[in-house]
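Engineer: I have a structure I would like to understand better, so I am pasting it below and will then ask my questions one at a time.
The values are calculated or read from the model by the stated rules, or taken from the named source; none is laboratory data. Since this is a predicted model, take the numbers as computed values, not measurements. Note: ideal-geometry Cβ built from the backbone for every residue, glycine included; neighbour counts use all protein chains shown.
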Amino acid sequence: MSVGFVMLCHTALDRAAQVARHWAEHGCPVVIHVDRRVGKGPFRRMQRVLEGVADIRFSERFACEWGTWGLVAATQAASTLMLRDFPAVRHVYLASGSCLPLRPVKELVAYLDSRPRTDFIESVTTEDVGWTVGGLNIERFTLRFPFSWRKQRRLFDGYVRLQRRLGFRRRIPAGLVPHLGSQWWCLTRQTLSAILESPDRAAHDAYFKRVWIPDESYFQTLVRQVSANVESRSLTLSKFDFQGKPHIFYDDHLQLLRKSDCFVARKIWPHADKLYRVFLSDDAGNQPAAEPNPGKIDRLFSKAVERRTKGRAGLYMQSRFPQWNWENGMTAAPYSVFEGFSELFENFDIWLGKVTGTRVHGHLFAPDRVAFAGGEKVYNGALSDSAKLRDYNPRSFLVSLIWNTRGERQCLQFGPDDNQEIGAFFARDPNAQISVISGAWAVPLFRANVNFGEIRKEAARLQKIEAAHLAELRDPSVKAKVRIWTLAEFVENPMEPLQTIIDEISPRSNRRLTEAPRMADLTGFGQFLQNLRNQGMQPVLMGDFPAGDDPRPTTTRRGRPYLVK
Amino acid sequence: MGIWTTYRLRLARKRWRLRAFRKRRELTPVVSRINAVRPNHLLLFSTVRNEKIRLPYFLRYYRDLGINHFFFVDNDSDDGTREYLAEQADVSLWRAKASYKRARFGVDWLNWLLMRHGHGHWTMVVDPDEFFVYPFCDTRPLRALTDWLDASSIKSFSAMLLDMYPKGPVSAQPYREGQDPFEIANWFDSGNYTMAKNPSYGNLWIQGGARSRVFFADNPERAPALNKVPLVKWHRDYAYVSSTHMLLPRGLNLVYDEWGGEKASGCLLHAKFIDTLATKTAEELRRKEHFANSHEYRAYQEGLLASPDLWCKWSEKYINWRQLEILGLMSKGNWA
């Protein structure tokens, strides 16, 4: 009989009784403290259930509101009783009513027997604590907290602010260095009795009665006064989420808990029948004695907290709808927008798909229908090619497409004839790579078999739209990777910009482009622009095309595509 | 939110509650077993009409989740629904002969029952073709979820409506009474949803899915809303405003995180598209008791004649809740 358990119980007394019986029947005395706020009925029932089990005591009851002195008073009373009634106990283990032993009692006993002088208690100086919720560290010890944090939050916060402003500070008793740590510890008789029987106890108690959350600091601080051998960790596996409430274990955590090799875990859901059945049966365990290793459980819970605080980038759904600038990734993955390329080059999409191995769509925001790659009518995630559905919420359309195709880079064409509403969105998106050949929309007009009057009108319309879009892309708030060339610049030297873009899309391929896409025949394009000018429309976005001076000889139309050195 | 808006919404809430109070007279109790309800019981509320064929599976599904007591309003069925429900030991049943439409599609009736019997309980409000799926629903009962919500001080839980449909014509496979409808309708659309925030009530407005793709491609703004908040720790001052899409006070509609994180949420699998739809559509068109001139049912009639198959090659086959979570349709949030 080397370890005794002190149990603090608030709810689910039947489960607490089950665990207490387990410990007592395996030779460990148990002292149970039941919260005074628990009614008489349930308390009596618990006493009746445990009647006749040797080595179980009930200690004096205190009201244990969270974060108040009652919890410490309860612990003190129960520990004193334990030390008095069970002189053979060497280690006292503080547990709660929702704790569950994960390893056989004899393994814990053996573990403690081989460390007879060690106090297991998490005890960290206030400067080094990273986990306190609410931002109160050292102030827990220097301010006063007369109001309940749970029930009188406004008063609590207001009073803290007031004390800060007035510069109020309580004096910390001489010799005490504030430490914080998990409430659940396992102390040796020597240490515990030294704390409880200290000549200064009255002074300490008076001080800690007004400290915020004394159950996380009373023993953690005082143990540093009396113990020479503090192992600063808790033997109880207990994880807290981002709001500071403990994570709860369910039946489906069984394997994780088994593999953790921890001695005791909290908090267990009271209806987790399987956990209670498995871990309280005698044949549980029989693994070789291992050190507790809660790494896997740590990862599981820290992932959960990350999901709750950061979420999955680029996901918009019923329970994640970030405000402007809080998206943490406006879209799920990088994608490329090409403006003017499919107008200047023939079969640009096929070429691009071949060179980069990505999915290349046509004009996804075209006015008549969504031009998915391969002319599909429905696409990943059952996105429809209906222009009306898309235009109902273009932003949802784009983010859904990028989300649905995670793992495969998407490229899309865009131009002044398309729905412009989306332009502002991808300009702001760091995942977007936008390459623009400005004025390239004039090429199809140039080659169209339409009356010149209509061409002139259309050119004026498209130029106006594109000018507005370019202004958007040149805004200082733009986060996308934007590159803009005029048509004249691009035609002069198309390979270098193409190489840059493609290197960025697939950086690992690292090869030189050998085959250029075939450029549209621009013979007479300069004259065409001059005709527009003559009709009173000023084409500015395509750059400088002198009339009559054709940019490229017609040879690119025939023969094999030219090779680059 | 200004004082004026707060006040206006408060008045609106009072008005809905008063309306529910007036509509209580349309409800005649058939069987009342409310004495069996204990303070910690999980309750389910639903309005039904001629759903006899669906009810056996519906009751079994929700009993297995851990619902302790069912509250049904029967809107004048003539197929034996009422008799069937009256026999069930965990059902309390009311009958309403009045207009479904004028009771705002049953919301007024349910608001009244919730006010009377839901106070202080976790309450589930679903239609008989909606099946609730939540994180870990294959290993943890509903009470695990509500206990966790209680511990986290969360009062309402979101579950988006997910339209399920079969592969092939909707009426090709007959549905048998007691059968799991998702043996037939086990496909869904995974990534074509649109969402926008409703500035006055604070809820998200979600549309899309198969119904929008097939029936409302030319008229997307009329596609049905899919956002739902079916699970609420009820207080007698609360009121559902429009179906279970939104509630007042509007804090209950804030089931989504706005700072990048994900809150926990579930899905309501919607077993509407099985062979019972054709009869239902004909009946509802005759009754004209549905929302906005029953335009939804008219769209089904036209749509199902033109293209009886909702399936497409990008449809996803339903496996389990983890699949829905990976696809981003629901989330575990910080529940682990």
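Engineer: Checking A:S182 against (1) modelled with pLDDT under 90; (2) in contact with a Lys or Arg (Cβ under 8 Å, 6 or more places away or on another chain): exactly one of these is not met. Which one?
Structural biologist: Of (1) modelled with pLDDT under 90; (2) in contact with a Lys or Arg (Cβ under 8 Å, 6 or more places away or on another chain), only one is false for A:S182: (2).
Engineer: If you go through segment B:150-184, how many residues are in a strand (DSSP E or B) and surrounded by fewer than 21 Cβ atoms within 10 Å (Cβ to Cβ)?
Structural biologist: Just the residues of segment B:150-184 that are in a strand (DSSP E or B), to begin with: B:156-157, B:159-163, B:165, B:169.
Pick out the ones that are also surrounded by fewer than 21 Cβ atoms within 10 Å (Cβ to Cβ) and you get B:156, B:169.
Counting residues in segment B:150-184 that are in a strand (DSSP E or B) and surrounded by fewer than 21 Cβ atoms within 10 Å (Cβ to Cβ) gives 2.
Engineer: Among (1) in a strand (DSSP E or B); (2) at pLDDT below 95; (3) within 14 Å of another protein chain (Cβ to nearest Cβ), where does B:V241 come up short?
Structural biologist: (3)
Engineer: Shifting gears a bit: Return the only residue of A:K457, A:K388 being away from chain B (no Cβ under 14 Å) and free of Cβ contacts under 8 Å to residues at least 24 places away in the same chain. Spell out how you get there, then give the answer.
Structural biologist: On the way: A:K388 fails: away from chain B (no Cβ under 14 Å).
Just a single option satisfies the conditions, and that option is A:K457.
Engineer: Give the residue, chosen from A:A63, A:A88, A:A95, that is under 20 Å from A:M46 (Cβ atoms) and in contact with a strand residue (DSSP E or B) (Cβ under 9 Å, 6 or more places away or on another chain).
Structural biologist: A:A95
Engineer: Further, regarding this structure: Filter segment A:391-403 for residues that are within 7 Å of chain B (Cβ to nearest Cβ) and within 23 Å of the chain's Cα centre (by Cα); which is nearest to B:G191 (Cα to Cα)?
Structural biologist: Of everything passing the filter in segment A:391-403, A:S400 is nearest to B:G191 (Cα to Cα).
Engineer: Any idea which of B:P128, B:P166, B:P141 is farther than 29 Å from B:N50 by Cβ and of a type outside the set (A, V, I, L, M)? Talk me through it step by step, then tell me what you get.
Structural biologist: Numbers: B:P128 fails: farther than 29 Å from B:N50 by Cβ; B:P166 fails: farther than 29 Å from B:N50 by Cβ.
The conditions single out B:P141.
Engineer: Okay, moving on. Restricting to segment B:197-218, name every residue that is within 20 Å of the chain's Cα centre (by Cα) and among the small types (G, A, S).
Structural biologist: Correct list: B:G202, B:G208, B:G209, B:A210, B:S212.
Engineer: Hey, another quick one. Can you list residue pairs whose Cβ atoms sit under 8 Å apart, with the first residue in segment A:301-314 being more than 7 Å from every other protein chain (Cβ to nearest Cβ) and over 19 Å from A:T405 (Cβ atoms) and the second being in a loop (DSSP other than H, G, I, E, B) and among the hydrophobic types (A, V, I, L, M, F, W, C)? Count only pairs 6 or more apart in sequence or on different chains.
Structural biologist: If the second residue must be in a loop (DSSP other than H, G, I, E, B) and among the hydrophobic types (A, V, I, L, M, F, W, C), the pairs left are A:K303/B:A336.
Engineer: Let me ask you something else. Going by the conditions given, is B:K233 farther than 25 Å from B:T281 by Cα, modelled with pLDDT of 95 or more and either buried (at least 18 other Cβ atoms within 10 Å of the Cβ) or within 14 Å of another protein chain (Cβ to nearest Cβ) (or both)?
Structural biologist: Yes.
Engineer: Which one is nearest to the other protein chains (Cβ to nearest Cβ), of the residues in segment A:315-334 that are of a type in the set (S, T, Y) and in contact (Cβ under 8 Å) with a residue 60 or more places away in the chain?
Structural biologist: The qualifying residue nearest to the other protein chains (Cβ to nearest Cβ) is A:Y316.
Engineer: Okay, next question. Go through segment A:467-512 and give me each residue that's part of a loop (DSSP other than H, G, I, E, B) and crowded, with 16+ Cβ neighbours inside 10 Å.
Structural biologist: Residues satisfying the conditions are A:V478, A:A480, A:P494.
Engineer: Further question: Is it the case that A:R406 is out of contact with any strand residue (DSSP E or B) (no Cβ under 6 Å at 6 or more places or on another chain), in a helix (DSSP H, G or I) and within 11 Å of another protein chain (Cβ to nearest Cβ)?
Structural biologist: no
Engineer: Give just the number: which of (1) facing another protein chain (nearest Cβ under 8 Å); (2) in a loop (DSSP other than H, G, I, E, B) does B:K272 not satisfy?
Structural biologist: Every listed condition holds for B:K272 apart from (1).
Engineer: Can you spot a residue in segment A:517-527 that is in a helix (DSSP H, G or I) and either touching a residue at least 24 places away in the same chain (Cβ under 8 Å) or within 20 Å of A:R395 (Cα to Cα) (or both)? Step through it out loud before you land on a result.
Structural biologist: Residues of segment A:517-527 in a helix (DSSP H, G or I): A:525-527.
Narrowing the set further to residues that are either touching a residue at least 24 places away in the same chain (Cβ under 8 Å) or within 20 Å of A:R395 (Cα to Cα) (or both) leaves A:525-526.
Checked segment A:517-527: at least one residue is in a helix (DSSP H, G or I) and either touching a residue at least 24 places away in the same chain (Cβ under 8 Å) or within 20 Å of A:R395 (Cα to Cα) (or both).
Engineer: I'd like to check something: does segment B:79-92 contain any residue that is modelled with pLDDT of 90 or more, touching a Gly at 6+ places or on another chain (Cβ under 9 Å) and in a strand (DSSP E or B)?
Structural biologist: No, segment B:79-92 contains no residue that is modelled with pLDDT of 90 or more, touching a Gly at 6+ places or on another chain (Cβ under 9 Å) and in a strand (DSSP E or B).
Engineer: Same structure again: Restricting attention to segment B:10-33, report how many residues are touching a helix residue (DSSP H, G or I) at 6+ places or on another chain (Cβ under 6 Å) and part of a helix (DSSP H, G or I).
Structural biologist: Total satisfying the criteria: 4.
Engineer: Identify the residue in segment A:202-216 that is buried (at least 17 other Cβ atoms within 10 Å of the Cβ) and under 14 Å from A:P173 (Cα atoms) and, among all such residues, is farthest from the chain's Cα centre (by Cα).
Structural biologist: A:H204
Engineer: Pairs please, first residue from segment A:534-546 and touching a residue at least 12 places away in the same chain (Cβ under 8 Å), second anywhere and assigned to a loop (DSSP other than H, G, I, E, B), Cβ atoms under 7 Å, 6+ apart in sequence or on different chains.
Structural biologist: Hits for this filter: A:P539/A:G439; A:L541/A:G439; A:M542/A:G439; A:G543/A:G439; A:F545/A:P551.
Engineer: Now a separate question. All but one of (1) in contact with a Ser or Thr (Cβ under 8 Å, 6 or more places away or on another chain); (2) within 14 Å of chain B (Cβ to nearest Cβ); (3) buried (at least 19 other Cβ atoms within 10 Å of the Cβ); (4) of a type outside the set (D, E, K, R) hold for A:P246; state the number of the condition that does not hold.
Structural biologist: Just one mismatch for A:P246, condition (3).
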